[in-house]
Structure formats: C-alpha cells, structure tokens
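Asker: I'd like to ask some things about the structure below.
The values are calculated or read from the model by the stated rules, or taken from the named source; none is laboratory data. Keep in mind that what you see is a predicted model, and the values were worked out from it rather than measured. Note that we place each Cβ from the backbone using ideal geometry, even for glycine, and neighbour counts take in every protein chain shown. What goes into the accessible areas is simple: the full protein's heavy atoms, side chains included, and nothing from ligands, DNA or RNA. Shrake-Rupley method; radii C 1.70, N 1.55, O 1.52, S 1.80 Å.
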Amino acid sequence: MLEERVIPLPTPIRSDKHRTAKGGLSLHQREAAYALGWEHGYWYGQCEALIQSIPQSVQIRPIHVLFVATGKGFPYSPLDEAVAETLRMFAVRVSIVSAKQPVAEIAARLRPDVVIVLDGLEFQTTEVDAIRREGIRIVVWFTDDPYYTDITSRLAPHYDHVFTLERMCVPFYQGLGCQNVHHLPLGVYPTVFRPGNPPRNARREISFVGSAYWTRVGFFDQITDYLNTKDTLITGIWWERLRDYTRLSPKITSRWMEPGETAANYNGAKIVINMHRAHDDESFNNNSLAINAVSPNPRTFEISACATLQLTDIRMDLPQYYLPDVEIVTYSSPQEMIEKIEYYLAHEQERRLIALRGLYRTLREHTYAKRVETMMAILFGV
Amino acid sequence: MSWIKRPRAALAANSHERGLANGYRVGWRDGACEAAVQLANPPAPTVYNLRVLFVPQGFQAIDNGIIQALRQSVRELHVVEAVRMAEQALLVRPDFVLVLNGLHVFPEDHLAQADQIRAAGIRTIIWFVDDPYVTDDTVIVAPHYDTILTHELSTIPLYGLIGCKDVHYMPLGADIEVFKPMRVGSSHMSDVCFIGQGFWNRVHMFDAIAQQLAGLNVFIAGGLWDRLKEYRLLKPFIRHGWLPIEESALYYNGARIVINMHRTTEAGSDNKNSYRYPGRSINPRTYEIAACGTMQLTDVREDLGAYYQPGLELETYGSAVELADKIRYYLANEEARRLIAIRGLIRTRREHTYLSRMPRLMEILGYANSL
C-alpha cells in the first residue's frame, strides 16, 4: 500500500549550468521549464508504475456468451463496448448482437451457454421468453437503477438472473418474485479511463461533468460566485438553468463528450466534482416508488481511474468502495465543498496521495473485469 | 525590429519545449521508479531455525546479496573466509556450510578443508554460479560436497554422472541494495550500455552493429575489447578494465538501453568447458539490469521465460540484425521503452531478489523448521 510520504521537490540536473543561455530564453526560464516538465513526468511516472504493479490474472472459461448490447447508441455505446470487450477476456467465444435484432432466433441457432442482456430497456420480453423456452439461460444487467424501475419491474421477472447496479433494488426485484437477484455495480473500463498527460492548456483546477438536473442546479446556484473565481470547467447540457448562467457561462461547455474526451477532462483537472443524481429528481425519472439510491454512480469509478482528486457527495454505500479522506474526499454542503477545494488546491501532496490511492483501489477492485469475473463466478461457479 | 524578434521568440519556445521534455523524461523515471520501489517489495522473510556458515566467493554482488538474505532468513549466520572455513566450521558446528562457487581465489587446500568438514558430520553445500563455463574445474570440486546447487540447468545431469547424489537447480537473483533505481549525473548517461568482458561472441556481435552504434552515445566497459575489428570506431565508447559493481549500477541507471549478452559456451581460450555443456540459464546480470529500472535487451536462454516475459518486462534479440533494429526502435519509442523498464523493475523486486529465493533454497535443502 502507498504510504504517507513526502514527494520531493524537483532538483533538476544542471548539466548545462556553465553555459550561457541561448535562444532567447534565460537560464532561469529554462530551469523553470525543466522543473515543470519534471513535475508532470514525475506524477505520470508514479501513476504508470502503480498501474503496472497490479497483477493481471484472468481466468478464461470454455464458454460461449451471447451478448445483447443495449441498442441505444450514444451515450450507451461506450458501455456496450466496454462490457463486450471485457467479456472477451473471460469467455473463449463471445457473440455480439443488438437488442433490436431477432435475438431469440440467433440464440436458437448459436446455442450459447448464456445470453447476457445489458440494460434491457429496448429488449422485448417475448424474445426473453422465447430464449428461455429454448432452454438457454438468459440474464440481465440493469445499469440505470433505480431511475427506470417503473419499466424494469415489468422486465425483471422474465430473466433467470437479474443483476442490478443499485443495492436497494435487490429486495425490490426479489419482492417481484425474481429468484436470482444480485447486486453488481458498474465499473471502469481502464483502456479508456486512465491517467494521461494532458497538454498544458487543458489543465484546470476544478472540473464537473454532468447534466444540470434540478437538484444540481440548486446546489451550483449557491457556489457560482466561488466557482467564478476559480479555474473551473463545467461540461454538460441544460446548464442555462442556472440562476447566474450568464456570469458562469464562459466556464461552461454545453455538450456530451466521448469517453476519451471525458477521461482527458478528468486528467486535466486537479479536482473533479462528482454529484449523484437525486433518486427523486423530476427530470426523466421513472422511479415512482421512489426507491432510494445508495450505490455510487459509474462516474465515481471513472474519475478515480484517472488519478485525480475526486470530491463527491455521499451515497450511503460509498465507504464500501472508497475510504473517505484516504481514497476519495466527500462533501455534504456547498460550504464543505468550497472548504475542501481550497484545502486540496493548497495541499498538493495530500491531493496526489489520495488520487494515487483512489487509482490503486479502482484498478484492483472496480474494473469491468472484476465485475464480469463476479458475474461469471455466479453463473458458472468459482 | 519585429523581424528579429520572431526568430528569437521561436528559439525561446523551442528551448522551452526541450526543457519541458527533458524534465518530463527524468521526472517520469524518478516518479515511476519511486512508486515501483514502494509498491513492489519482496515478501517478508521467513526465518528458519538454522545456524549457517557461509563462505563467499569474492563475487561482491552475489556474495552480499546472499549474505543479506541469509541474515534475515536464518537464526544464526557466520560468514567466514575460505582459508578458515574448516577451522570455523568445527568451532561453530553449523547445520550446514554453504560455499559460493568455490573457485578462482579459493585456497589450494579448499578440497581438503571440505573433506574435513564433511568428516566431522557437518553438511557441506556448494552453489555453483559460473556454470557451464568452468565445468572442467567444477567436476573436480563437486564430489567433495554433500549437496550441489547450480544456477545452470544444463549441468545438473553432469554432477549426477560423476556420482553426486544431491544435485539441484537454484537460480540467482539481484542484490537490490546495490542494483536499484537511482538518479545519476550526465557522465553516467548513455543511449546504449554494455558491461562485461569482450568474449569472442560478444566481440563479433559488437563488430556487426558497430556502424549503427557509432552515431549514438554508447558506453562499453570491460576487458579484452581491443579484440574488436571495429576497435577504432568504438574506441571512444570503451572503458577498459573491471568496473566496480556500484559503478555498474550507476551506468545501468543512466542508460536508455542496457544490452545483456551471455558468454559463449564454446570450449577454448575464454572457457574451461571441454564437456561443451550448453548455457540454458540466464546470468545474474539479467536480474541486476532489470533491478535498476532500465530496459534490457538480452539474448535468450532457455529459462528466461520463467523469470521475465519477453516483450513486456525486457526485450530479446536473436541476431545482430534484430539487436540493431530493436536498439533503433526503442530509442525512438520512449514510451514503450520506459514501460518495459518499469515492469522489469517491478517483477525483479517482487520475485528475483536473493531474499525471495530463500524459501525455495530452504525447501530444496529440506528445511521446513521456520521459527
């Protein structure tokens, strides 16, 4: 485990100190450039060594998986790809179809050992039933619980196994008569979300990525003044809902980002804010039973996988995933958020240490590979 | 005057970029090595309830590596010179006497001393680390010991043939007190580094790639290098004579690529191997180079894959052309080069230190009585 230690200040090797400065750059400036390069290199060297130190052992099973992708396109396609690519690490054969294809027909022809449906909101239950009638096991992994439980409640009972990323939904599906229900959080796809060395013009103090749900707007309205004084970047849609939108608008980019771009965004920031969606937020919510959300969102893993300091609000189960103040930092009010941003911008070594520990925990425990390994153990035994 | 400002500004920007890039490269290695050293440590020592007498060979890196490891792994360790090994053994009455190699500088009465220890009922063990290059000598030494350890796979049947009953393969490792990542000054820096004697196979290989090396910053250290056909071309790179291991570690650290080239096993002027046993096992340098967090380009010995994954933790070559190509490739691909270096460092610190060899050594010797 990484121990508390002092990161030494750079002491550049001055092999050229006897020479006079050439090329219009003073010796002092050149040393400053060297020192800055050293700082960046030192940090990413640490991250890379940490990544390389994690043993990669994957048990590939002699099974054929038919994977049914969400069929929803962006922004779900990266999730489809991450899970499909990860399944390939664990099964000797993986066939991939979309929820919009005649999956039952394909399954009857291919006779896979299991059909794994991701999300399943676009997948007809008649197809599910037809596959089961063929004697082929079919499982679903719900990725948006609890926000669509009005719909998923009608889907879940058709499957042999139900996996949900939200722990609070396990008793819910069990109550609907589902026999095999498992809590399986989403994770991170480290091929995309990993530390990098962003160009200097992409480096910022604070970043937030996400849509402006009304609960978030209410929160951000209280810290607009503060964020305005900082090197802040907010990326996402609907932010014109902010009370002081015009003042903050130079710091807002209104669009969706590809995962690679999101990763670069996280990488460029010293602190990345995570704010979970409220389980009862009125925008696009199909959770009329108001099932509470206690599990961290996938973004939690993605931010930490980029080795940046994550400042997150607290979901009840968060400490099971990351130790607060050790691997992640939390806030529960606008005031606390501001205090912690101030603290970690002023305490770089502590910031880095927490970021490194967060990366370490993520790669050891919160990758899609770890999740799929768990799923395989449930479906096929250890 | 703007015409004069523009090029100066461009020069300044250029110089700034260079400074950043240089800093980044050094910083990356410093950060990565530091993290690797923190994260990848040998397992905690197991302590055995044994009294051991160790006789070093005079191979500093191996002797000290084993001494440090034994010191942490046995209840009582005595290190004695070869001239007094029998006298001390009879005095100390250890569970066993472990002799490293027993060649070269060992006294003339070495074998008589070994017999004397054995006659006193004390177990004698010799660990050969020069096999198969000196089998003419080791076959004379081996029958005087109860247990034979060798780092070389190919010579195991040889000792059986001459009547030794208890013969085992026992690999070497790295002394990570000496061979460790360090930041070095520019005088120790190079693109390509090779340290070792100019045995003929090595000389032929360097002659073959001399033209390409001539344009690089190269460091070669060792004896016999005046054998080179291309001596005049490579002369500026050569430092003649023996290099102390602490110096070697500095040069390994400062190099972008360190070449490892096993000696030929041919009998003849460089070797005492008239039985022509092949070399199937890697040399200790393999571990030592990797332990410095530097990328290694090595020729392939049969057991290499058991210790390092080629292409991931080090790189290999099978010919002069491949060696030259890979030098060119890895000097141009900094990212690939440094990842291999860091993986090699991590693997070495986790699995190939002398301390991590100890449980295996004790198991081979039949001791399970850990404290």
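Asker: Kindly state, to the nearest 0.05, the FRET efficiency for A:ILE54 paired with B:GLU87, given R0 = 51 Å and r defined as their beta-carbon distance.
Answerer: Working: r = 51 Å, r/R0 = 1.01.
Calculated value: 0.50.
Asker: Between rounded, prolate and oblate, where does the stretch B:225-304 land on the alpha carbon gyration tensor, with a ≥ b ≥ c its root eigenvalues, rounded for a/c under 1.5, else prolate if a/b exceeds b/c?
Answerer: On the way: a/c = 2.02, a/b = 1.16, b/c = 1.73.
Oblate, since a/c reaches 1.5 and b/c is not below a/b.
Asker: Right, next: Find, among the chymotrypsin sites (Phe, Trp or Tyr not before Pro) in the stretch B:219-288, those assigned to loop by DSSP (not H, G, I, E, B) with at most 13 other beta-carbon atoms within 10 angstrom.
Answerer: Details: sites: B:PHE219, B:TRP225, B:TYR231, B:PHE237, B:TRP242, B:TYR251, B:TYR252, B:TYR275, B:TYR287; in loops: B:TRP242, B:TYR275.
Passing sites in the stretch B:219-288 are B:TRP242.
Asker: Taking a quarter of the surface of the Cα convex hull of the stretch A:121-174, what do you get in nm²?
Answerer: Working: hull surface 13.7 nm².
One quarter of the hull surface, i.e. the mean projection, equals 3.4 nm².
Asker: How many times 2.2 N^0.38 Å is the alpha carbon radius of gyration of the stretch A:36-113?
Answerer: Details: Rg = 18.7 Å, N = 78, 2.2 N^0.38 = 11.5 Å.
Dividing the Cα Rg of the stretch A:36-113 by 2.2 N^0.38 Å gives 1.62.
Asker: For chain A, please report how many Lys pairs fall under 26 Å Cα to Cα, leaving out neighbours fewer than 8 apart on the same chain. Before the final figure, lay out the partial values.
Answerer: Details: A:LYS72/A:LYS100; A:LYS72/A:LYS370; A:LYS230/A:LYS251; A:LYS230/A:LYS270; A:LYS230/A:LYS340; A:LYS251/A:LYS270; A:LYS251/A:LYS340; A:LYS270/A:LYS340.
Summing the qualifying lysine pairs gives 8.
Asker: Would you mind giving the average projected area, over all directions, of the Cα convex hull of the stretch A:62-150 in nm² with one decimal? Spell out each step's value before the answer.
Answerer: Numbers: hull surface 22.5 nm².
Result: 5.6 nm².
Asker: What total accessible area, in Å², is buried where chains B and A meet, using a 1.4 Å probe and rounding to the nearest 100? Present the calculation step by step, with values, prior to reporting the outcome.
Answerer: On the way: alone 16500 and 17440 Å², together 31290 Å².
Roughly 2600 Å².
Asker: Show the residues, 5+ positions off or on another chain, whose built amide H is closer than 5 Å to the amide H of B:GLN309.
Answerer: Those lying under 5 Å, H to H, from B:GLN309 are B:LEU314.
Asker: Measure of size requested: the Rg and Dmax of the stretch A:223-348, with Cα atoms as the atom set and Å as the unit; please supply both.
Answerer: 15.1, 44
Asker: Given a Förster radius of 56 Å and the C-beta distance between A:GLN174 and B:TYR169 as r, what FRET efficiency does 1/(1 + (r/R0)^6) yield to the nearest 0.05? Intermediate results must be reported in sequence, preceding the final value.
Answerer: Working: r = 57 Å, r/R0 = 1.01.
Efficiency for this residue pair is about 0.50.
Asker: With both bridge residues required to lie in chain B, what share of the DSSP beta bridges run antiparallel, to the nearest 5%?
Answerer: On the way: 2 of 43 bridges.
About 5 percent, rounded to the nearest 5.
Asker: In whole angstrom, how far apart do the alpha carbon centroids of the stretch B:173-197 and the stretch B:97-128 sit?
Answerer: 33 Å
Asker: Take a quick pass over chain B and tell me how many lysine pairs come in under 27 angstrom between Cα atoms, counting only ones 8 or more apart or on separate chains. Spell out each step's value before the answer.
Answerer: Numbers: B:LYS165/B:LYS272; B:LYS180/B:LYS326; B:LYS229/B:LYS272; B:LYS229/B:LYS326; B:LYS235/B:LYS326.
So the count of such lysine pairs works out to 5.
Asker: Using the Cα centre of chain B as the reference point, and only Cβ charges (+1 on K/R, -1 on D/E), how large is the resulting charge dipole? Debye, rounded to the nearest 20. Walk me through the numbers before you get to the answer.
Answerer: On the way: 39 positive and 40 negative charges, 298 e Å.
About 1440 debye.
Asker: Give me the 1.4 Å probe accessible area per residue for the stretch A:137-201, excluding ligands and nucleic acids, in Å². Please list the in-between numbers first.
Answerer: On the way: 2410 Å² over 65 residues.
Roughly 37 Å² per residue, with all protein chains present.
Asker: In square nanometres and to one decimal, what's the mean projected area of the convex hull around the Cα atoms of the stretch B:132-275?
Answerer: Working: hull surface 40.2 nm².
Directional mean of the projected Cα hull area for the stretch B:132-275 stands at 10.0 nm².
Asker: Would you be so kind as to identify which of A:PRO55, A:ILE138, A:SER332 lies farthest towards the positive end of the dipole of chain A, taking Lys and Arg as +1 and Asp and Glu as -1 on Cβ and the Cα centre as origin?
Answerer: So the residue furthest toward the plus end is A:PRO55.
Asker: Can you give the % of DSSP beta bridges in the protein assembly as shown that are antiparallel, to the nearest 5? Could the numbers behind the result be given before it?
Answerer: On the way: 2 of 83 bridges.
Close to 0 percent.
Asker: Continuing with this model, one more query. When N counts the residues of the stretch B:8-69, how does its alpha-carbon radius of gyration compare numerically with 2.2 N^0.38 Å, as a ratio? Don't skip to the end; give the middle numbers.
Answerer: On the way: Rg = 22.8 Å, N = 62, 2.2 N^0.38 = 10.6 Å.
Ratio of Cα Rg to 2.2 N^0.38 Å: 2.16.
Asker: Name the long-range amide H neighbours of A:VAL117: under 5 Å, sequence gap of 5 or more, or other chain; modelled H, no Pro or chain starts.
Answerer: A:VAL68, A:VAL139, A:VAL140, A:TRP141
Asker: Taking only protein heavy atoms into account and a 1.4 Å probe, give the accessible area per residue of chain B in Å². Present the calculation step by step, with values, prior to reporting the outcome.
Answerer: Details: 15150 Å² over 371 residues.
Per residue, chain B has an accessible area of 41 Å².
Asker: Return the calculated 222 nm mean residue ellipticity for chain A, to the nearest 500 deg cm²/dmol, obtained by summing -39500 (n - 2.57) across DSSP H runs with n ≥ 4 and dividing by the residue count. Walk me through the numbers on the way to the answer.
Answerer: Values: 15 runs with 154 residues, N = 382.
The helix contribution divided over chain A gives -12000 deg cm²/dmol.
Asker: Here's something else I'd like to know. Could you work out the relative contact order of chain B? I mean the mean sequence separation of Cα pairs under 8 Å and 6+ apart, divided by the number of residues, in percent. Could you put the intermediate results ahead of the total?
Answerer: Numbers: 668 pairs, mean separation 69.1, N = 371.
Relative contact order, chain B: 19 percent.
Asker: Give, in nm to one decimal, the length gained when the segment between B:GLU334 and B:MET182 is fully stretched (0.36 nm per residue of separation minus the Cα-Cα distance).
Answerer: Details: separation 152, 0.36 × 152 = 54.72 nm, distance 1.87 nm.
Gain on extension, B:GLU334 to B:MET182, equals 52.9 nm.
Asker: Still on this model: Under unit Cβ charges (Lys, Arg +1; Asp, Glu -1), what dipole magnitude, rounded to 20 debye, does chain A have relative to its Cα centre? If you can, show how the numbers build up before the last one.
Answerer: Values: 41 positive and 44 negative charges, 239 e Å.
In total the dipole reaches around 1140 debye.
Asker: Sticking with this structure for a sec: Given a 1.4 Å probe and every protein chain left where it sits, what share in percent of the accessible area of chain B is carbon and sulfur? Walk me through the numbers before you get to the answer.
Answerer: Details: 8090 of 15150 Å².
The nonpolar share, carbon plus sulfur, comes to 53 percent.
Asker: For the protein assembly as shown, with the dipole built from +1 on Lys and Arg beta-carbon atoms and -1 on Asp and Glu ones, taken about the Cα centre, which of A:SER304, B:ASN217, B:HIS110 lies farthest toward the positive end?
Answerer: Value computed over the given set: B:ASN217.
Asker: Jot down the radius of gyration and Dmax of the protein assembly as shown, Cα atoms only, both in angstrom.
Answerer: When restricted to Cα atoms, the protein assembly as shown yields Rg and Dmax of 31.7, 95 Å.
Asker: Taking the Cα centre of the protein assembly as shown as the origin, how large is its charge dipole in debye, to the nearest 20, when only Lys and Arg (+1) and Asp and Glu (-1) carry charge on their Cβ atoms?
Answerer: In debye, rounded to 20, the protein assembly as shown gives about 1580.
Asker: Relative contact order for the stretch A:179-238: what percent, with Cα pairs under 8 Å and sequence separation of 6 or more?
Answerer: Values: 32 pairs, mean separation 25.9, N = 60.
Relative contact order for the stretch A:179-238 comes out at 43 percent.
Asker: List the residue ranges in chain B for DSSP H helices whose C-alpha atoms run 27 angstrom or more along the long axis and whose Kyte-Doolittle average is -0.5 or above.
Answerer: Values: long enough: B:2-39 (54 Å, -0.46).
Flagged H segments are B:2-39.
Asker: Can you list residues whose amide H is under 5 Å from A:ILE63's amide H, if they're 5+ apart or on another chain and H is modeled 1.01 Å from N?
Answerer: Sorted by chain and number, the residues that satisfy this are A:VAL92, A:ARG93.
Asker: Can you give me the C-alpha center-to-center distance between the stretch A:23-96 and the stretch A:296-343, rounded to a whole angstrom?
Answerer: 21 Å
Asker: Moving to a separate point now. Write down the Å³ per residue value for the convex hull defined by the alpha carbon atoms of chain B. Could the numbers behind the result be given before it?
Answerer: Numbers: hull volume 52.9 nm³, N = 371.
Expressed per residue, the convex hull around the Cα atoms of chain B is 143 Å³.
Asker: With the cut-off at 1.5 for a/c, could you classify the stretch A:300-371 from its C-alpha gyration tensor as rounded, prolate or oblate? Intermediate results must be reported in sequence, preceding the final value.
Answerer: Details: a/c = 2.57, a/b = 1.46, b/c = 1.76.
It comes out oblate by the Cα gyration axes.
Asker: Mind checking which of A:HIS161, A:HIS28, A:HIS276 has the largest fluctuation in a GNM of chain A, springs on alpha carbons under 10 Å?
Answerer: For chain A, modelled as a Gaussian network with Cα springs under 10 Å, the answer is A:HIS28.
Asker: If you don't mind, another one. Work out how much length B:LEU11 to B:ALA44 would gain on full extension: take 0.36 nm times their residue separation and subtract the Cα-Cα distance, in nm to one decimal. Walk me through the numbers on the way to the answer.
Answerer: Details: separation 33, 0.36 × 33 = 11.88 nm, distance 5.36 nm.
Taking 0.36 nm per residue and subtracting the Cα distance, the gain is 6.5 nm.
Asker: Would you work out which of B:LEU339, B:TYR317, B:PRO284 lies farthest towards the positive end of the dipole of the stretch B:281-339, given +1 charges on the beta-carbon of Lys and Arg and -1 on that of Asp and Glu, about the Cα centre?
Answerer: Value: B:LEU339.
Asker: Sticking with this one: Considering all alpha-carbon pairs of chain A, what whole percent are spaced by more than 28 angstrom? Could you put the intermediate results ahead of the total?
Answerer: Working: 37111 of 72771 pairs.
Considering chain A, 51 percent of its Cα-Cα pairs are separated by more than 28 Å.
Asker: Here's a follow-up. Hey, got the average number of other protein chain Cβ atoms within 10 angstrom for residues in B:37-44? Spell out each step's value before the answer.
Answerer: Details: counts 1, 9, 10, 3, 0, 0, 0, 0.
Per residue, the average neighbour count from other chains is 3.
Asker: With runs of 4+ DSSP H residues as the only contributors, calculate the mean residue ellipticity of chain B at 222 nm using -39,500 (n - 2.57) per run, divided by the residue total and rounded to the nearest 500. Mind showing how you got there, number by number?
Answerer: Working: 14 runs with 165 residues, N = 371.
So the helix-based figure for chain B works out to -13500 deg cm²/dmol.
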